[in-house]
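Read through the structure below, which is laid out as structure tokens, and then see the notes.
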Amino acid sequence: MLSTNKFYLLSLTIYLLLVGCSKVKVVHYRQPSIIILDSVSTPISGKVLKNWYQKDIIKDTIPGISLEKVYTELSFSDSKNIIIAVIDTEIDINHEDLKDQIWINNKEIPNNNIDDDSNGYIDDINGWNFIGGKNGNIIYSNYEVVRIIREYQDKFEGKKENEITSSDKEDFSLYQKAKNVYDEQLKLAKEDQEHGNFLFENYPKSKALLKTFFPLENYNLSQVDSLYNVYEHDKELKKLIYFMSDFLEYELSEEWINDYKKHADLKVSKTLNLDFNDREILGDNPKDLNDENYGNGNVSGNLDEFYHGTVVAGVIGATRNNNIGIDGISNNLKIMSLNISSNGEEHDKDISLAIKYAVDNGAKIINMSLAKNFSLHQEWVQEAIHYASEKDVLIIHAASNENTDIDKTLVYPNDIDSKGNEFVDNFITVGSISNKLSKDFRSYFSNYGKTNVDIFAPGDEIFTTEIKNSYGFHSGTSMATAIVTGISSLLRSNYPDLSASQIKEILMKSGTLYNFNVEINQKDESKKIIPFSELSKSGSVVNAYNALLMAEQVSDNN
């Protein structure tokens, strides 16, 4: 429980006006307060940038979640530890700022090759790796369109719509859509591969040439440009000088080029290869949901390949007040690592079984950053989401990063049934905002949708944990989702009587309202200026302080 002398919920409406001032005015008429802001936000830098998302819009004029205000103005007692399942890539469970926050299955004896707790998983000490096998780990997996084409190719290839029976029309439509997307993805992947080969071949040639002019290789962009002008009549020479000018301007190192080429090649040879079987290393039948005897308990064994889970975990629950790294949202949580993501797209089977594992092993909140545009076995995932709802487990999901209206183009997983209605009330979809109080307030990459996105949260330039005791800035709706997960853990740890649906309602009703226009700039469309409030169901940005005050009220009335 929290104690505070403020028993009202402060609901904020933020108006962006062209008033030409540089300060924030707070006009107290009645609740809600009205905040008048300058139309141009001051760029954030230095130490403030590292935790801008924890700031308060009134006190700091920064559009954070008021987390610092929570810890300075509210006090807590009897907080319970909440288990949070992070369904993602592997997590660095030995990270200096995460190791004390990692869930430990005390019912399991480590490394004895026995399922001590009879939950169906052997040596699942910190969670489960659903893409780990006895002889290695899935590093590259197919895109979902590849799986769909493989599923229906023999049945539908070369067929026309008038040759398809009514019972097969839905599957045929899915196959056609997947085939169209696949053809475009393969075309772009091969173009990337060609570009990678070009960079790989020409970088050493350009570097060798420049070394003849600068033996110490201490040249800069200006010097290279000057050299180009000197040799502008030598076609071959100026071409190589021009390449180095580009390499310098875009900071393309040899390491970056090698990595670009590697991933471009592997995208063609593996993720988009119809003949590549990504499940061979696991030995399971991906078409059989009941075939659960696969995976392993090593949730931290491929960190050089996978970083994302560590980044997400840090935002949620990096240890607070330890004078190391960063402060997560809450200390009253334990992070369960469930690995299903690799380079490619996740299998619906793994998503479904990971959700069920989380529910059955005590998680009260599930964080899922994964998203894809097709789903071969959507029914498996929706059944698992429904199972979580029945067990009162909250699921928080990223809206994804395609700058798309997902009311028009759904992403999966989701909580939408075949009629377009929400079939559960425990599922929250999160979009991302930046720290810019301007038309660029919505993160340029964030998906949106008045119906299918529930709320927004900070997701741009978030400083968080990285593998091997390092830290860095990351952006994406994954960051925004992690923030909402962290706030949800605060609510569930202090008000365990509140249900998952009540937590969702509180978050949506207690958010900060920003009533100004933002820019939507999509490919193949002209720019649109629309109210930020039209980008999500709640029209708001999550606010930890407000949510805790409302949770107190709702809990008292339970």
Seminar exercise, completed: Reported set for region 329-377 where residues are under 30 Å from LYS69 (Cβ atoms) and among the charged types (D, E, K, R) is LYS334, LYS364
For this session: Could you please find all residues in region 212-225 being surrounded by 12 or more Cβ atoms within 10 Å (Cβ to Cβ) and of a type outside the set (A, V, I, L, M)?
Result: PHE213, PHE214, TYR219, GLN223, ASP225
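Suppose we filter region 495-527 for residues that are in a loop (DSSP other than H, G, I, E, B), of a type in the set (Asp, Glu) and at pLDDT below 95; how many remain?
Keep residues of region 495-527 that are in a loop (DSSP other than H, G, I, E, B), which gives 495-499, 510-511, 516, 521-527.
Now drop any that are not of a type in the set (Asp, Glu), which leaves 497, 524-525.
Checking the rest, the ones that are also at pLDDT below 95 come to 524-525.
Selection size over region 495-527: 2.
Can you tell me which of SER446, SER538 is under 22 Å from the mean Cα position of the chain (by Cα) and either farther than 30 Å from TYR307 by Cβ or at pLDDT below 95 (or both)? Step through it out loud before you land on a result.
Values: SER446 fails: either farther than 30 Å from TYR307 by Cβ or at pLDDT below 95 (or both).
One residue alone meets the criteria, SER538.
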Exercise. Is it the case that some residue within region 464-484 is among the small types (Gly, Ala, Ser), more than 28 Å from ILE335 (Cβ to Cβ) and surrounded by fewer than 23 Cβ atoms within 10 Å (Cβ to Cβ)?
Worked result: no
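May I ask you to verify whether SER501 is in the same structural domain as THR72 (by TED's automatic domain parsing), of a type in the set (S, T, N, Q) and crowded, with 19+ Cβ neighbours inside 10 Å?
Working: in the same structural domain as THR72 (by TED's automatic domain parsing): yes; of a type in the set (S, T, N, Q): yes; crowded, with 19+ Cβ neighbours inside 10 Å: no.
For SER501, the condition - in the same structural domain as THR72 (by TED's automatic domain parsing), of a type in the set (S, T, N, Q) and crowded, with 19+ Cβ neighbours inside 10 Å - is not met.
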Seminar exercise, completed: Reported set for region 112-131 where residues are of a type in the set (A, V, I, L, M) and in contact with a His (Cβ under 9 Å, 6 or more places away or on another chain) is ILE131
Seminar exercise, completed: Being in a strand (DSSP E or B), without any contact (Cβ under 8 Å) to a residue 60 or more places away in the chain and either farther than 19 Å from LEU338 by Cα or touching a helix residue (DSSP H, G or I) at 6+ places or on another chain (Cβ under 6 Å) (or both) narrows SER418, SER432 down to just SER432
For this session: Restricting attention to region 74-107, report how many residues are in a strand (DSSP E or B) and not aromatic (Phe, Trp, Tyr).
Result: 9
For this session: Starting from region 227-252, keep only residues that are over 17 Å from GLU201 (Cα atoms), then list their pairs with residues that are small (Gly, Ala, Ser) whose Cβ atoms are within a distance under 7 Å, requiring at least 6 positions of separation or different chains.
Result: TYR228/SER245
Exercise. If you go through region 334-350 one residue at a time, do you hit one that is over 16 Å from the mean Cα position of the chain (by Cα) and among the hydroxyl-bearing types (Ser, Thr, Tyr)?
Worked result: no
Problem set entry | The listed residue being modelled with pLDDT under 80 and assigned to a loop (DSSP other than H, G, I, E, B), out of PRO110, PRO32, PRO63 | PRO32
Exercise. If we scan region 364-378, do we find a residue that is under 26 Å from ILE91 (Cβ atoms), over 15 Å from the mean Cα position of the chain (by Cα) and of a type in the set (Gly, Ala, Ser)?
Worked result: yes
For this session: Run down LYS419, LYS408 and say which single residue is under 15 Å from GLU534 (Cα atoms), in the same structural domain as GLN522 (by TED's automatic domain parsing) and at pLDDT below 95.
Result: LYS408
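The values are calculated or read from the model by the stated rules, or taken from the named source; none is laboratory data. Note that the structure is a prediction, hence the values are computed from the model and not measured. Backbone-built Cβ (ideal geometry, glycine too); neighbour counts: all protein chains shown.
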